Amino acid sequence: MGNVITKQSYKERQLIIYQEKVMFLQQKGWLSPIIQKQNTSDYQNLTDVEKEIIIEANSILKDLKSKSVKLALVWCKQNQSKLKQRQSTFQSNLVFQEYIENLKEDQWKALEYIRNFTNLLQQEWREKAFGCMLLAKQTKKPSNYQIYFEDQQWEQLIRQFKIELYEVYCYPMESPLLGAIKCGISTLKTQYCDQLKAIRCPICTTEMQELSKELLTTQKLGSTWICRISGELMDENNPPMMLPNHQVYSQKALQQMSDQMKEEVYCPITKEKFKFNQCIRVYLT
Ligand SMILES: [Zn+2]
């Protein structure tokens, strides 16, 4: 019976971790890898609502990438009240972008388009649209208008859609997975982690240092001494020893070095050599 419970809770834990990973991927905008795994058991673990959101978001992103706002506008209509509540500019940006694409082709077509969709445009966008119409034929447009005619506007729309998506579905801006990792890092991080590269300290690894850069350290009530040569704990069984240059290492590491180097020890910090019997024991208080 006990085994069954353990197995089940292990499965549940795996599921929670998986769901947090999915949320992390969604927030980073890496939805495609999830969708490609549709037939895997991992994908089946998602709730129907989550699956629906992923499928819909992927098709909207694909549509935006192919320079079409059709699906995104449908999504805006479905989520009109939430977007309005947030005073979102997404719908106006979509209509404006489609207007610009029409304008690139033909001014009359663009005029027809703006007449039909003017109710979806906020005042500021109507003014911009008018300015663009006047300047459309000019080869050298002022930089504040030229930008509207460039392809990078589509990338901005894609970025904005991802943000709107998290807001509308109430996903936290930072994923719980990243939050949990950062929490773990904070409890382990010491104020010396930025300066020293201690062996066996998970935070002192290059990847973790990158992640922990902005994080604060927590107050440590107890501390342990770790030998910088062997990475072993320094305690009464492996006491700390001080070299004449005041650097401290563990007795075992120095003893091992002395056995290999004919009674001599080498300080990896200052690159000096000393006799093993010059080392003195340090007492921690
Ligand atoms: Zn460290």
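In the chain, helical runs assigned H by DSSP with n ≥ 4 each contribute -39500 (n - 2.57); averaged across all residues and rounded to the nearest 500, the mean residue ellipticity at 222 nm is -17000 deg cm²/dmol.
Phi angles of the stretch 139-150 translate, via the Karplus equation with coefficients 6.51, -1.76, 1.60 and θ = phi - 60°, into HN-Hα couplings of 6, 10, 8, x, 4, 6, 9, 4, 4, 5, 8, 8 Hz per residue; Gly and Pro are given as x.
What fraction, in whole percent, of alpha-carbon pairs in the chain exceed 37 Å separation? Above the 37 Å cut-off, the chain has 48 percent of its Cα pairs. Taking amide hydrogens as placed 1.01 Å from N in the peptide plane, the amide H of SER230 sits under 5 Å from those of SER250, each at least 5 positions away in sequence or on another chain.
Which value does Rg/Rh take for the stretch 225-281 over its C-alpha atoms, Rh per Kirkwood? If you can, show how the numbers build up before the last one.
Working: Rg = 10.0 Å, Rh = 10.9 Å.
Across the stretch 225-281, the Cα-based Rg/Rh ratio is 0.92.
Protection proxy ranking of 73-84, 112-123, by the mean of other Cβ atoms within 10 Å over each peptide's residues and highest first, is 73-84, 112-123. Annotation: average projected area of the stretch 47-168 is 7.6 square nanometres, based on the convex hull of Cα atoms across all directions. Taking the number of Cβ atoms within 10 Å of each Cβ as an exposure proxy, the fewest-first ranking of GLU56, GLU150 is GLU150, GLU56. Database remark: amide H of TRP225 closer than 5 angstrom to the amide H of MET234 (H placed geometrically; neighbours at sequence offset of 5 or more, or on other chains; Pro and chain starts carry no H). Quick check on my link table: of LYS137/LYS162; LYS197/LYS273; LYS51/LYS162; LYS213/LYS252; LYS109/LYS141, which ones sit more than 25 Å apart, alpha carbon to alpha carbon? Violating the 25 Å Cα-Cα cut-off are LYS137/LYS162; LYS213/LYS252.
As an exercise, use a Förster radius of 51 Å and the Cβ-Cβ distance of THR206 and LYS11 to find the FRET efficiency, rounded to the nearest 0.05.
Numbers: r = 34 Å, r/R0 = 0.66.
Step by step, r from the Cβ atoms, then E = 0.90.
Its convex hull of Cα atoms gives the stretch 145-196 a direction-averaged projected area, equal to a quarter of the hull surface, of 6.9 nm².
Computed from the coordinates by the stated procedures, all read-outs in this text should not be read as laboratory data. Because the structure is a prediction, the values reported are computed rather than measured. Ideal geometry is used to build each Cβ from the backbone, glycine not excepted, and the neighbour counts take in all protein chains shown.
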